[in-house]
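Notes follow the structure.
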Amino acid sequence: MLTLRGRWMSLLGAFLAAAVGVGVVALSTLLFASGKAPVPDRLAAAAVIVRSPAASVTADPFPEARPWSSPAATGLAARLAAIPGVAAAIPDRVFYAQPVLDGRPDESVTLGQGWAGARLGGAGLVAGAPPQGDRDLVLGRTFGRSPGDRVTLLTAAGPAEYTVSGVVDGAGVFLSDATAERVAPGVRAIGLVLAPDVDTAGVASAAERVTGGDGQVLTGDGRSALEPRADARTRWIGMQVLTALAALSGFVTVFVVASTFAFTVAQRRRELGLLRAIGATPRQVRRMLYGEALAVGAAASVAGLAVGAALAPALGAVLVDAGFEPASYRVRFEAWPVAVSLAAGPVVALLGVWSASRRAGRARPLEALREAIVEDRRMGRARWAAGLSCAALGLALAAGTATSDDAQNGATFALYGAMALVLAAAALAPAVVPPVVRLLTWPLGRVRGATGMLAREGALTAPRRTAGTAAPVLLTVAFAVMVSGMVATSANAYAARRAAAVETGTVVVPDGTPGLPDTAGRGPLESTVYTGERPLSVSGVDRPGAAISRGLADQYGWSVGQSVPMVFADGETVPVRVGEIVDSGLGQVDMQLPRDLVRAHDPSALAPMADLRAAEPAPAGPGIRVVDVATYAAEADTEEDRLIWIFALMLVGVSAGYGALAVANTLLMSAVHRVRDFAVLRLAGATRWQVALAAAAESALVVAIGTLLGGAVAVAALVSIRAGLSEQVRAPVDLVVPWPVVGGVVGLCLLLAVLAAAVPARGISGGWTARRSR
Amino acid sequence: MTTVMLREVRAVYGTGPTRVTALDGVTVGFDSGTFTAVMGPSGSGKSTLLHCAAGLDRPVEGTVTIEGTLLNALDETALTRLRRDRIGFVFQAYNLVSSLTAAQNVALPVRLAGRRPDPDQVAAALAAVGLAGRAGHRPSQLSGGEQQRVALARALLRRPAVVFADEPTGALDSATSRQVLDILRGLVDRDGQTVVMVTHDPMAAGYADRVLILADGRLVEDLTDASAEDIAARTARLEASC
Ligand SMILES: Nc1ncnc2c1ncn2[C@@H]1O[C@H](COP(=O)(O)OP(=O)(O)OP(=O)(O)O)[C@@H](O)[C@H]1O
Ligand SMILES: [Mg+2]
């Protein structure tokens, strides 16, 4: 009905806010959807895979399946091979193996396979012969070796010299089947290679019957469940990061777009009042605003999606570099993120305009006739209710943060808590703006000159508009201070814990490898055992019997002296005698077992580190580094800190970057609409600079209000984070606020605000604008 | 026949210490086909009277009837429809939507009523107020008097039962004022249009059949066929007394 033309100036702001928001949403959902695991290369040629029974899900999001023993796997493979259409059924025997090239372990490959497994990946020999003896090896072509070359290979037994017997396509490492059977006795998957033109589904259901309950049949994309555990872990971390990013960007988008629309509508009160006076019903006014919002939202969706899709590959590479995604991560354009992004613009715009249009529909026609826009200062009951319930929710989440003893949960609670508090502050802002303005401008009232008075009264007569303009500042400051404060405070807490736990001594740590072999010392071996379906993480240390944590013992009713059957990594069931129940827990693991017992059943287990006893000579060799304990602890924390900082920077980047844009956006819109007031000032005798100064002062006041409210939200969140941290490290923690970050963010908002307000105001030349802006 | 009837209308703004009684029990009727001028000192309640009569504001007490329809009984939507279909209004200032051209502004109530405006009719309405060549101009490209005349064209387009005009000549020079007043007079004489106009200008009031004078929210004079000099003398006396 009414054309958008001519209104584009006020709608441009809403369009920009929505487009950038949709861009970020598109980016994070595209990256999120790409996070699906690929089918591992080594199993690409196996159309059907039978996997050992899945372990029940525990705290570990990616438990490894309980393996079959070697004889069980061989027997099952023989029965599977008998299915018509199956060309071969090959146990997937994988173990730790890493070639050493030019004196350094090659970090791209850590898995070795038996030669038979080459068929599962479809890799054929391109030169030489299959591995025969114990010290023969077939390498992928990518290593650039030829048959007859000598290569050092790291396995759990330590480095050893091997002879290259052959070369295949790809990047694999293959040992003879006899060797593989020895170092990888437990089997978690049997791959079925089908004869040409055989129906996969038919074979899969036949395999289902053969396996019975003892295994799970996977086909197609389902085979991605067998991706390496380390990759799955990394991917899981990436998912956490992207979930937080998507949640935050979605929140920030709805928030900014809603406040921009509220603002746009508030600016147009006069026009809407005039429309009402000459015959537009409240419903027509609402419909007009919904129509505009839909058009703006749809356009923003398309623009945002294009931007998001263009940036996704670059950010994907950053995620891989940062260690949030495994190297196999590729950005894929799935349908659902595209659909979500296309829907996001209109939905967000409609949500944004919803409450604003209700208010506009209620606008009394006479408002068109008033000279100045003097608002009704009272807040609606719905707004009070919404603001107070958000505040209550935020405080409840803050309490959750404060009492959480898990860092992951604590951070999640803190983020959502801060979101709720930001909403509460924004909803209640019109009520708190007048006292805050009076407080902030009290010194201004004392000085002579019009600037202070104009800024103060401008903010006071329209608390809703002031609150709307301050909202993006509030959001930006709250998240920037909260996230950077959280990171700095937790880094500080961990540093304090490290300093408290300082130990002397020297340790051997891996260098470019996932763990230490036996030649590097008798470090604790990491392995998994199963009781029933449940996986237990174990540490193989030099001790006589098994030690279990009190929690585990109580859960299963185990007592000292009892013998409990456990399935080991080789699939064998062995009775384990409970030697000790430890009240204080065992740190990272569920159980400690004698090292030799673990080694006997898990020939490929590695140790994360090893103590170096004073008397021993330091071991040497590839993949080993000898450092003192303090350095080791600091390095481990530095790596953790690095990840947290990258994560934090991404969150601050999204919220603060977008927030700053919204600050400039709203203030520019505000300044453009205030041009008339400023023109009147010019006519009343103010110089160009006085007008610019008045506009800048008003903007600075708005930034101050937003900073104050945002700071309050951030401090509330940080106090709860500190309480949660001291719960985790069991010591008092100092609250650290990184003032440079805070100063930078507030300074940026101030700069943008002052520029956005002063530049249009300075360009005003009396009479021309007085008429123009009518 | 009485087109608009106000009975015992009281209008109050604000509460507590800022409370202002803008109209204090006004009873007045406007007959069909008459031209009435409303005068009085600034702040005497003239605009408020017009707003109440046009259904833009609801009085705290008293009734307003237009063509037999009791406005007090109508809900917001029904009131809006009545305003759109039966009442024309020219405001004291800020009459036009700045993003629309003169012609679009004139046609706006028709569009709001969900009908397609007739371009010839819109052109004729603009021509009647002497703006035939300015149809495509936006408010920012028009002078104050021209904007006022566009608003008048809009008010007249749908042949309303009554046209209210709040100081339509307030910002105009005397030649342009006369132009606008001649248009209004012509409407009354030729088409039997009912017109109620607020003005401070005795010369303008001289065009009217009847002059009402308000003071402090009360009706103090009701003159028929008064001359401009007579009106000027009475208003001067009134202003001197307060
Ligand atoms: N929205 C409002 N809030 C408070 N008081 C108001 C409001 N509108 C009008 N008034 C007061 O009501 C009284 C009548 O106002 P009104 O606008 O009807 O006067 P007027 O006769 O039209 O004056 P003028 O000739 O200056 O236009 C005045 O005292 C005015 O201050
Ligand atoms: Mg008036």
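Taken together, the values in this text are just the output of simple stated rules run on the coordinates, not laboratory data. It should be emphasised that the depicted structure is a prediction, and the values quoted were computed from it without experimental measurement. Neighbour counts are summed over all protein chains in view; Cβ atoms, including those assigned to glycine, are modelled from backbone coordinates with ideal geometry.
Stretch A:Arg233-A:Thr163 to full length: gain in nm at 0.36 nm per residue minus the Cα-Cα span? Let's see the in-between values first.
Numbers: separation 70, 0.36 × 70 = 25.20 nm, distance 3.38 nm.
Going from the current span to full extension adds 21.8 nm.
I'd like to know how segment B:1-103 sits against the 2.2 N^0.38 Å rule of thumb: what's its Cα Rg over that expected value?
Details: Rg = 14.7 Å, N = 103, 2.2 N^0.38 = 12.8 Å.
Compared with the compact-globule rule of thumb, segment B:1-103 sits at 1.15.
Which whole number gives the average count of other chain Cβ atoms within 10 Å of the Cβ atoms across peptide B:95-104? Each step should come with its number before you reach the end.
Details: counts 6, 4, 11, 8, 11, 6, 1, 0, 0, 3.
Mean shielding by partner chains, rounded to a whole number: 5.
At 20 angstrom or more along the helix axis (alpha-carbon based) and mean Kyte-Doolittle of 1.0 or higher, what helices does chain A contain? Whole DSSP H runs only. Show your work: numbers first, answer last.
Values: long enough: A:8-34 (37 Å, 1.95); A:229-267 (56 Å, 0.97); A:282-322 (55 Å, 1.02); A:335-362 (41 Å, 0.82); A:381-403 (33 Å, 0.90); A:407-446 (50 Å, 1.12); A:463-500 (52 Å, 0.67); A:629-683 (75 Å, 0.80); A:688-729 (59 Å, 1.29); A:739-762 (33 Å, 1.91).
Helices meeting the span and hydropathy rule in chain A are A:8-34, A:282-322, A:407-446, A:688-729, A:739-762.
Determine how many Å³ per residue the convex hull of the Cα atoms of segment A:212-269 encloses.
Numbers: hull volume 7.7 nm³, N = 58.
Spread over its residues, the Cα hull of segment A:212-269 gives 133 Å³ apiece.
When only C-alpha pairs under 8 Å and at least 6 residues apart count, what is the relative contact order of chain A, in percent? Please report the intermediate quantities before stating the final value.
Numbers: 1518 pairs, mean separation 135.5, N = 774.
Relative contact order of chain A: 18 percent.
Run the dipole for segment B:2-241 about the Cα centre, Lys and Arg Cβ at +1, Asp and Glu Cβ at -1, nothing else charged, and hand back the magnitude in debye, nearest 20. Please list the in-between numbers first.
Details: 25 positive and 27 negative charges, 184 e Å.
The dipole magnitude comes to about 880 debye.
To make sure I understand, if each residue's beta carbon is the centre and we count other beta carbons within 10 Å, what order do A:Thr441, B:Thr18, A:Thr219 fall in, fewest to most? Could the numbers behind the result be given before it?
Details: A:Thr441 20, B:Thr18 7, A:Thr219 16.
Listing A:Thr441, B:Thr18, A:Thr219 from fewest to most nearby Cβ atoms yields B:Thr18, A:Thr219, A:Thr441.
Return the long-range amide H neighbours of B:Ile87 (sequence gap of 5 or more, or a different chain), with a cut-off of under 5 Å between placed amide H atoms.
Excluding prolines and chain starts, which carry no amide H, the hits are B:Ala161.
For the residues A:Met566, A:Met482, B:Met39, what sequence is obtained by ranking on other C-beta atoms within 10 Å, fewest first? Don't jump to the answer; show the numbers that get you there.
Working: A:Met566 21, A:Met482 31, B:Met39 27.
By the 10 Å Cβ count, ascending: A:Met566, B:Met39, A:Met482.
Let's see if you can work this out: charge +1 on each Lys and Arg Cβ, -1 on each Asp and Glu Cβ, no other charges. What is the dipole magnitude of the protein assembly as shown about its Cα centre, in debye to the nearest 20?
On the way: 92 positive and 86 negative charges, 838 e Å.
Value, rounded to 20: 4020 debye.
To the nearest whole number, what is the average tally of beta carbon atoms from other chains within 10 Å of the beta carbons of peptide B:76-86?
Values: counts 8, 4, 1, 2, 12, 2, 1, 7, 6, 1, 0.
Per residue, the average neighbour count from other chains is 4.
If the elastic network links every pair of Cα atoms under 10 Å, which of B:Ala208, B:Ala107, B:Ala123 fluctuates the most in the Gaussian network model of chain B?
B:Ala123
When all C-alpha to C-alpha distances in segment B:2-241 are sorted into bins of 5 Å, what percent of pairs does each bin hold, rounded to whole numbers?
1, 6, 14, 18, 19, 17, 12, 8, 3, 1, 0
Go through B:Ala161, B:Ile213, A:Thr687 and say which Cα lies farthest out towards the positive end of the charge dipole of the protein assembly as shown; charges sit on Cβ, +1 for Lys and Arg, -1 for Asp and Glu.
With unit charges placed on the Cβ atoms, the residue in question is B:Ile213.
Alpha carbon centre of segment B:137-214 versus segment A:228-247: separation in Å?
Centre-to-centre distance over Cα atoms comes out at 71 Å.
Among B:Gly136, A:Met669, B:Cys52, which residue has its Cα furthest toward the positive end of the charge dipole of the protein assembly as shown, with +1 on Lys/Arg Cβ and -1 on Asp/Glu Cβ?
B:Cys52
How far is the Cα center of segment B:1-57 from the Cα center of segment A:100-176, in Å?
Taking the Cα centre of each part, segment B:1-57 and segment A:100-176 sit 99 Å apart.
Run the numbers on segment A:41-232 and let me know its relative contact order in percent, using alpha-carbon pairs under 8 Å that are six or more apart. Don't skip to the end; give the middle numbers.
Values: 408 pairs, mean separation 65.6, N = 192.
Here the relative contact order equals 34 percent.
Please work out the Cα center distance from segment B:66-103 to segment A:510-542, rounded to the nearest Å.
83
Helix B:76-86 sits at what angle to the longest principal axis of chain B, using alpha carbons and giving 0 to 90 degrees rounded to 10?
Between the helix axis and the principal axis of chain B, the angle is about 70 degrees.
Say the dipole of the protein assembly as shown comes from +1 at the beta carbon of Lys and Arg and -1 at that of Asp and Glu; which of A:Leu194, A:Leu643, A:Gly212 then lies farthest toward its positive end?
Comparing the listed Cα positions along the dipole, A:Leu643 ranks first.
Which of B:Arg149, A:Arg104, B:Arg84 comes first, and how do the rest follow, when ranked by fewest Cβ neighbours within 10 Å? Numbers along the way, then the final one.
Working: B:Arg149 27, A:Arg104 12, B:Arg84 22.
The most exposed by this proxy come first: A:Arg104, B:Arg84, B:Arg149.
At a 10 angstrom cut-off on C-beta neighbours, averaged per residue, how do the peptides B:44-53, A:244-253 rank from highest to lowest?
Numbers: B:44-53: 24.8, A:244-253: 22.2.
Per-residue mean Cβ counts within 10 Å order the peptides as B:44-53, A:244-253.
Treat every Asp and Glu Cβ in segment A:41-232 as -1 and every Lys and Arg Cβ as +1, leave all other atoms uncharged, and give the resulting dipole magnitude about the Cα centre to the nearest 20 debye. Before the final figure, lay out the partial values.
Numbers: 16 positive and 21 negative charges, 62 e Å.
So the dipole magnitude of segment A:41-232 works out to roughly 300 debye.
Averaging sequence separations of C-alpha pairs under 8 Å and six or more residues apart, then dividing by the length of segment B:147-242, give the relative contact order as a whole percent.
Once divided by the residue count of segment B:147-242, the mean separation gives 22 percent.
Could you give the C-alpha radius of gyration of segment A:509-627 expressed as a fraction of 2.2 N^0.38 Å, taking N as the number of residues it contains? Don't jump to the answer; show the numbers that get you there.
Working: Rg = 15.1 Å, N = 119, 2.2 N^0.38 = 13.5 Å.
Ratio of Cα Rg to 2.2 N^0.38 Å: 1.12.
Give me the log10 of I(q) over I(0) for chain A at q = 0.06 Å⁻¹, as the Debye formula computes it from C-alpha points; what are the numbers?
Rounded to two decimals, the profile gives -0.52.
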